[in-house]
1. Just checking, how many residues over region 235-262 are farther than 18 Å from Ile157 by Cβ, assigned to a loop (DSSP other than H, G, I, E, B) and not charged (D, E, K, R)?
2. Would you confirm, using the coordinates I've provided, whether Phe171 is among the aromatic types (Phe, Trp, Tyr), assigned to a strand (DSSP E or B) and surrounded by 15 or more Cβ atoms within 10 Å (Cβ to Cβ)?
3. Within region 209-227, identify whether any single residue is hydroxyl-bearing (Ser, Thr, Tyr) and either modelled with pLDDT under 95 or touching a helix residue (DSSP H, G or I) at 6+ places or on another chain (Cβ under 8 Å) (or both), and answer yes or no.
4. Of everything in region 90-112 that's in contact (Cβ under 8 Å) with a residue 12 or more places away in the chain and among the aliphatic types (A, V, I, L, M), which residue is surrounded by the most Cβ atoms within 10 Å (Cβ to Cβ)?
5. For region 206-220: of the residues being touching a Phe, Trp or Tyr at 6+ places or on another chain (Cβ under 7 Å) and touching a residue at least 40 places away in the same chain (Cβ under 8 Å), which is nearest to Gln155 (Cα to Cα)?
6. For region 178-206, which positions are modelled with pLDDT of 95 or more, closer than 24 Å to Thr138 by Cα and either of a type in the set (Ser, Thr, Tyr) or touching a helix residue (DSSP H, G or I) at 6+ places or on another chain (Cβ under 9 Å) (or both)?
7. Could you tell me which residue of region 132-161 is modelled with the highest pLDDT, considering only residues that are touching a Lys or Arg at 6+ places or on another chain (Cβ under 9 Å) and not in a strand (DSSP E or B)?
8. Do we find that Val169 is in contact with a helix residue (DSSP H, G or I) (Cβ under 6 Å, 6 or more places away or on another chain) and among the aliphatic types (A, V, I, L, M) in this structure?
Amino acid sequence: MKKLLSLILPLFLIVACGSGKYNANKLMNYTDINEMFNTPKKYNGKSLQISGKIFEEPKVDKDQVTLKVWRDFEGANQLFIVKGTTKDVLAKDDYIKLEGVVSGELKDKNKVGGEILLPQIDAVKIEKATYIDAVAPTIKEYEVNKTITQHKISQTIEKIEFAEKETRVYFKIVNNSKEKFNFYTYHTKAIIDGKPYGVVDNIYNEYEKINSELLPNATTTGVVVLNPIQDYDGKNIRITTEGYSYDYNLHFKANTFNIILK
């Protein structure tokens, strides 16, 4: 019965509240979207762009889909309801991004049984997204393709992506030596304007991981995630990396990549 009500209530709220027209030139800002989860009715008729991760299997009725979505899925926080149409086939745990209008609220229960109000959004556009799209969209990307080689171990920074929540450095490491090589991912550091930015340890991210222990004649690629950097365009960024060979007669200095971001 509860599941049936959860499907019926959103329809009632659309009729009761009205959704208004989507206006791409007048979107809710970051602060408004956060506040919407506390007082959904206050934002009825407001337009927004939002992303998240589908919490449970979509409910499909002909060409209409109803979704329950985590905005902050890493913190299991900020659930909302979406209704609309999409050409994409969606499933639980997919990431989505959407454009729409706040159209009402739906009563639900939290983990401890308390009552919460979920914002409801009438979507004009729903698209399947990537983890990056949903969590930390790229603001600026720089192609780098710089390589440093020591003792037949080559490390290349292929590109750097800057996002509001993080900085992503894309590496390629090639071991052309006769011994295993160990790359210290967590020793990677960026310095810009004299300020250091270290590695962010996030168990939820879905980026390709660097194989820290690299066999002879093997290659690994992956992403090292650093703390967010806000002021970077046109500046010099210095990225340092460390590692060691299982041939203990070889001594590796820290690699320093000097990169002008332009």
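The values are calculated or read from the model by the stated rules, or taken from the named source; none is laboratory data. Only a predicted model underlies this, so the values are computations on that prediction, with no experimental measurement involved. Every residue, glycine as well, gets a Cβ built from its backbone with ideal geometry; the counts of neighbours run over all protein chains shown.
1. Quick first cut of region 235-262, residues farther than 18 Å from Ile157 by Cβ only: 244-251.
Cutting the leftovers down to assigned to a loop (DSSP other than H, G, I, E, B) gives us 246-251.
From the residues that got through so far, the ones that are not charged (D, E, K, R) too are 246, 248-251.
Qualifying residue count for the region: 5.
2. Working: among the aromatic types (Phe, Trp, Tyr): yes; assigned to a strand (DSSP E or B): yes; surrounded by 15 or more Cβ atoms within 10 Å (Cβ to Cβ): yes.
So Phe171 fits the description; yes.
3. Yes, some residue in region 209-227 is hydroxyl-bearing (Ser, Thr, Tyr) and either modelled with pLDDT under 95 or touching a helix residue (DSSP H, G or I) at 6+ places or on another chain (Cβ under 8 Å) (or both).
4. Restricting to residues being in contact (Cβ under 8 Å) with a residue 12 or more places away in the chain and among the aliphatic types (A, V, I, L, M), the top hit is Val102.
5. First, pick out the residues of region 206-220 that are touching a Phe, Trp or Tyr at 6+ places or on another chain (Cβ under 7 Å): 206, 210, 212, 214.
Now restrict to residues that are touching a residue at least 40 places away in the same chain (Cβ under 8 Å): 206, 214.
Numbers: Glu206: 22, Leu214: 12 Å.
Applying the filter and picking the extreme gives Leu214.
6. Hits for region 178-206 are Thr185, Tyr186, Thr188, Tyr197, Gly198, Val199.
7. Initially, region 132-161 is screened for residues touching a Lys or Arg at 6+ places or on another chain (Cβ under 9 Å), giving 132-138, 141-145, 147, 150, 152, 154-161.
From the residues that got through so far, the ones that are not in a strand (DSSP E or B) too are 132-137, 152.
Details: Ile132: 93, Asp133: 88, Ala134: 87, Val135: 86, Ala136: 90, Pro137: 90, Lys152: 96.
Only one residue tops the list, namely Lys152.
8. Details: in contact with a helix residue (DSSP H, G or I) (Cβ under 6 Å, 6 or more places away or on another chain): no; among the aliphatic types (A, V, I, L, M): yes.
No: the conditions fail for Val169.
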